[in-house]
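What follows is a set of notes on a single structure, which appears directly below.
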Amino acid sequence: MATKKSTRIGRIAVAPSVILLFLWMIVPLGMTLYFSTQRYNLLNPDRSGFVGWLNYRAFLTNPGFTTALVNTLILVGAVLLITVVLGILIAVLLDQPIKGRGFVRLMVIAPFFIMPTVSALVWKNLLMHPVSGFFAWIMRSLGLTPVDWFTHHPLLSIILIVAWQWLPFATLILFTALQSLDLEQKEAAEMDGAGPFSYFFEMVLPHLARPITVVIMMETIFLLSVFAEILVTTQGGPGQQTTNIAFLVYAQALLNYNVGGASAGGIVAVVLANIVAFFLVRLVGKNLEA
Amino acid sequence: MARRTSPARVAVFTALGWAVGFVVFFPILWMVLTSFKTELEAFRTPPSFLFFDWTLENYAIVQARSDYLRYAMNSIVLAGGSTLAALVFAIPAAWAMAFSPTERTRGTLLWMLSTKMMPPVGVLVPMYLLFRDFSLLDTHVGLIAVLALGNLPIVIWMLYTYFKEIPRDILEASRMDGASSWKEIVFVLTPMAVPGIASTILLNVILAWNEAFWTLNLSTIKAAPLTAFIASYSSPEGLFWAKLSAASTLAIAPILVLGWFSQRQLVRGLTFGAVK
Amino acid sequence: MGSIRLENVSKSFGETAVIPSIDLDIEDGEFVVFVGPSGCGKSTLLRLVAGLEDTTGGRILIDGKDMTDTPPSKRGLAMVFQSYALYPHMSVYRNIAFPLRMAGVDKAEIDRKVREAARVLNLTDYLDRRPGQLSGGQRQRVAIGRAIVRAPTAFLFDEPLSNLDAALRVGMRLEISELHQSLGTTMIYVTHDQVEAMTMADKIVVLNKGRIEQVGSPLTLYRNPKNLFVAGFIGSPKMNFVTGEEAAKRGAATIGIRAEHIALAPEAGPWHGTIGVVEHLGSDTFFHVTVDGVGPLTVRAGGEAAYGHGARVFLRPDESKIHRFDAAGQAL
């Protein structure tokens, strides 16, 4: 296909997508940058003008920001830890001789297809409710006092819900990667005298290193923006206990109508995501060459 | 390959596997069960598992709320529309990049990927203002555009990896056999690309159906999909569990079925081909 | 008619010149084999003829008409690919019919031609199958069937047998030669396997690093290689090369002698050596001998020859069959 004509047609075919994505990326981002240097509140549109770094200073020094940043990091870190560790274990388990494995796999991946608002509300009301929730019943049956999840451990509750949603993603990817593990390699390891544990640590984990990296990065991208789960359960509360950066920006923009401040926050979120994206793009790019 | 595994081993792993599967699936199962209970029954402690008076009244009530159907229709319109829109742009682009790559193709693809990395909250403010100024708030067109653009990189990437797998030899063979460009597309390329396109559509519909940032922020009533409908149950806390469950079950059922069909492609699409 | 003429054809990918400049005449009805090590440009050359790559310079004439810028579909050539390139979504019948459908041939005529090709290629029982349900040899035959139905000016084969196992390869080699005899159409065949080249070709084109090293009939190349490269590439086992004193004695930088032109002598001979590995093929026996002051040589003897590992033997080269090469590797 290396003919001149096909190359020219190729450029024309790619152009619309490139232009659209470029606009989609650059126009709003440029506006965010611009607003972030402006005094701009929708409730008070008359007071406007360039304020330089003021919005950033206000956003970054706002005690809410530190809390939100810490909450974001805890949320991302905890969910990553839970999903990757459990994901590896479940993937290895699914790789064993299980009768009806197809069905088990269906059950395990199902949570990924549930829309965020549904999973958040189902967990909050049906499972975690302190009086009539399913967990409360289990605790009482065991002679324990039921936990009032969203009052006493709001962030942990959010973490559990989000981890449940993303566990299938990690499991599915790691399981797929496991299945590409060469059977002959496994047999060679057995011939070399490797037991199940040394096989796991010497062969399986190194083989999973790359997919684990992919899982961590993809999840990070999405977890930095967790929003709907917080919106429908805690609204960021009680107090600021479950406010992450995404929710803080939302609150600034659509609850306080502080366009300037929210824009500054948005840029902070973009910078955070870009640090992760930088590494992810390089990783995927390496794969593209192979 | 035909290795003997001791029956005891199989039994242990089978039990363990089913137990884990059940635990992970339980919230969904519980929701579905609750949707068949009366509101009173849903609250009862100790909870009843299977032995309660199964009722369809929640479904009837949810269906009867005239707006449920509108939300469902909106979900279908948004998921379908955004998928279609993304495909229109993605198919030529992915096709060209897979079959006549230039020295810039790799860079272009990575750049497209990087646009997906941008957190939506970073552009929430300008998007909201743009939507307001162009009267796009709470419209199908606006949301379809946003969802399509948001998923365009994934769609292009997925199609690209599928198209890449069509052997070039076959296209060259068709040319040697005298096929003109468009005959090549109609008789050879399209039939071979259909499975890949179908999987891409599936994944994109799932993603668009469950999208809950733009749909919640840029729509209120007219164009709001099921994500927003379910979110509306968050305010009257704890009063309508059974109905919430029924509505949720209806909202997730179609996508759960689609998802189960597309699990293989899912891995590929969500990791941009980095894991196959 | 199917004469093909390359004038000054060159091809570069970016900065790298894969083919600096090639002139070549292929007569109508000839079976020409492009042979050379991997990366020598033989496949690229074939793809230039096919039109699947643009030439960087020069002209390609088919039947005297300049086809340099004609798209592949208009050149009237048929090609059999290494991977067979069968359309996986079409039955065998539809695969073979495809070029005819593209040419707008009417249904009855297509049916007649497809069935005729299937009969010739023993595919009649498989017409309804998909390529995925066929064996390697059958797929190969479908690819050939797809090529012959349209009666092309010339056939192009791009390493068509490299995916087949050894036994099938020999069989298909005969079938393709047979096909060439019965059709009489020009064929260009690319391979890295010199045995295929020797057994099938009317004319062999030996390529190395994008240049033609030598063009000629198989026996010409075997008997009179123009340089070290051709001498070493054509013939199995490889020609023995000797440098140093023995070569200088004969007025050359390197001398070459084929395994069958050295005789083993029990009592006396100019060379003396120790037998290493012995390969018994039944009809022949190959001795790998380390010759004192000369180096390792391969010697061919009859199937009955019996010397064991480590035996000391004398060797007598046939002086009239020794090839002499100068320091630049050209034959003297």
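The values are calculated or read from the model by the stated rules, or taken from the named source; none is laboratory data. Model, not experiment: these values are computed from the prediction. Cβ coordinates were reconstructed from backbone atoms using ideal geometry, including for glycine residues, and neighbour counts include every protein chain displayed. Surface accessibility is based on the protein's heavy atoms, side chains included, excluding ligands, DNA and RNA. Shrake-Rupley method; radii C 1.70, N 1.55, O 1.52, S 1.80 Å.
Surface composition of the range B:133-275: carbon plus sulfur atoms hold 71% of the accessible area, using a 1.4 angstrom probe and ignoring ligands, DNA and RNA.
Compared with the dominant Cα axis of chain C, that is its longest principal axis, helix C:107-120 is turned about 20°.
Between B and A, buried accessible area from a 1.4 angstrom probe totals roughly 9500 Å², ignoring ligands, DNA and RNA. So what's the gap between the Cα centers of the range C:192-225 and the range A:7-72, to the nearest angstrom? Cα centroid to Cα centroid, the span is 67 Å.
Max-minus-min Cα coordinates of the range C:1-78 on each principal axis give 36, 25, 20 Å, with the largest extent listed first. With a Förster radius of 41 Å, plug the Cβ-Cβ distance of C:Arg223 and C:Lys65 into 1/(1 + (r/R0)^6) and report the FRET value to the nearest 0.05. The calculated FRET efficiency here is 0.65. Using only alpha carbon pairs under 8 Å that are at least six residues apart, calculate the relative contact order of chain B and give it in whole percent. Answer for chain B is 30 percent. Mind checking which aspartates and glutamates have their Cα closer than 13 Å to the Cα of B:Lys37? Skip sequence neighbours fewer than 8 apart in that chain. Within the straight-line limit of under 13 Å, B:Lys37 reaches these aspartates and glutamates: B:Asp53, B:Glu57. Among the trypsin sites (Lys or Arg not before Pro) in the range B:21-80, none is located in a DSSP loop while being surrounded by at most 12 other Cβ atoms within 10 Å of its own Cβ. Computed from Cα atoms, the angle from the helix C:92-102 axis to the main principal axis of chain C rounds to 70 degrees. Buried between C and A is an accessible area of approximately 300 Å², summed over both sides with a 1.4 Å probe.
Peptides B:204-216, B:19-31, B:77-89 ranked from most to least packed, by the mean per-residue count of other Cβ atoms within 10 Å: B:204-216, B:77-89, B:19-31.
Within the same chain, lysines fewer than 8 places from C:Lys321 are excluded, and of the rest, those with a Cα less than 20 Å from its Cα are C:Lys226, C:Lys238, C:Lys249. At a threshold of 8 angstrom on Cα-Cα distance, excluding pairs fewer than six apart, so keeping six or more, what relative contact order does chain A reach in percent? This gives 28 percent for chain A.
Computed with a 1.4 Å probe over protein heavy atoms only, the accessible surface of the range B:110-261 comes to 32 Å² per residue. Pairs exceeding 31 Å between alpha-carbon atoms, taken from B:Lys183/C:Lys113; B:Lys164/B:Lys222; B:Lys183/C:Lys11: B:Lys164/B:Lys222. Using all pairs of distinct alpha-carbon atoms, the Kirkwood hydrodynamic radius of chain C works out to 22.2 angstrom.
For the range A:47-95, the C-alpha radius of gyration divided by 2.2 N^0.38 Å, with N the number of residues, is 2.03. Over the C-alpha trace of the range B:128-215, radius of gyration and Dmax come out as 18.2, 55 angstrom. Once the 1.4 Å probe is applied to the protein heavy atoms, the range A:56-289 comes out at 39 Å² accessible per residue.
For chain C, relative contact order (Cα pairs under 8 Å, six or more residues apart, normalised by length) works out to 17 percent.
Return the whole-Å distance between the Cα centroid of the range C:104-160 and the Cα centroid of the range A:132-179. Cα centroid of the range C:104-160 versus Cα centroid of the range A:132-179: 61 Å apart. Taken over the alpha carbons of chain B as equal point scatterers, the Debye sum produces base-10 log I(q)/I(0) values at 0.07, 0.10 Å⁻¹ of -0.38, -0.71. Each residue of chain A gets 207 Å³ once the volume of the Cα convex hull is shared out per residue. Once the Cα atoms of helix B:7-34 and of chain B are each reduced to a long axis, what angle between those two axes, in degrees from 0 to 90 to the nearest 10, is obtained? Approximately 70 degrees, to the nearest ten.
Evaluate the Debye formula for the protein assembly as shown with equal point scatterers sitting on the alpha carbons, no solvent, and hand back log10 of I(q)/I(0) at q = 0.06, 0.10 Å⁻¹, in q order, two decimals. For the protein assembly as shown at q = 0.06, 0.10 Å⁻¹, log10 I(q)/I(0) is -0.60, -1.15.
In the calculated pair-distance distribution of the range A:134-290, the portion above 20 angstrom amounts to 67 percent of the Cα-Cα pairs. Each of the trypsin sites (Lys or Arg not before Pro) that DSSP puts in a loop and that has at most 16 other Cβ atoms within 10 Å breaks chain A; the longest unbroken stretch is A:100-290.
A 1.4 Å probe run over the protein chains yields, for the range B:44-98, 51 Å² of accessible area per residue, whole-number rounding. For a test of the definition: using alpha carbon positions, the gyration tensor, and the 1.5 limit on a/c, classify the range A:1-123 as rounded, prolate or oblate. Cα axes put the range A:1-123 in the oblate bin. Overall, the range A:56-289 carries a charge dipole of about 640 debye about its Cα centre when +1 sits on the Cβ of Lys and Arg and -1 on the Cβ of Asp and Glu, all other atoms neutral. Just the protein heavy atoms count here, and of the accessible area of the range C:237-325 at 1.4 Å, carbon and sulfur take up 53 percent. Dividing the summed -39500 (n - 2.57) terms of all DSSP H runs of n ≥ 4 by the residue count of chain A sets its mean residue ellipticity at 222 nm at -22500 deg cm²/dmol. The range C:25-102 and the range B:82-132 have Cα centres lying 38 Å from one another. Ellipsoid fit via the Cα gyration tensor, the range A:149-237: semi-axes of 38, 13, 9 Å, each the root of five times an eigenvalue, largest first. Its alpha carbons give the range C:237-325 an Rg and a Dmax of 12.4, 37 Å. Pair-distance distribution of the range C:1-147: all C-alpha pairs, bin width 10 Å, starting at 0; shares per bin in whole percent are 11, 33, 31, 21, 4, 0. Please report, as a whole percent, how much of the solvent-accessible surface of chain A comes from carbon and sulfur atoms (probe radius 1.4 Å). About 68 percent, which is the carbon plus sulfur part of the accessible surface. Where only DSSP H runs of four or more residues are counted, chain C gives -8000 deg cm²/dmol as its mean residue ellipticity at 222 nm, each run worth -39500 (n - 2.57). For A:Lys186, the lysines whose Cα comes closer than 25 Å to its Cα, not counting residues fewer than 8 places off in the same chain, are A:Lys99, B:Lys276. Burial here means at least 40 square angstrom less accessible surface with every protein chain in place than with the chain by itself, probed at 1.4 Å; in the range B:99-124 the buried residues are B:Ser100, B:Thr102, B:Arg106, B:Leu110, B:Trp111, B:Thr115, B:Met117, B:Met118, B:Pro119, B:Val121, B:Gly122, B:Leu124. The Rg/Rh ratio for the range A:76-217, using Cα coordinates for both the radius of gyration and the Kirkwood hydrodynamic radius, is 1.07. Exposed loop sites here are trypsin sites (Lys or Arg not before Pro) assigned a DSSP state other than H, G, I, E or B and surrounded by at most 16 other beta carbons within 10 Å; excluding them, the longest clear run of chain C is C:1-128.
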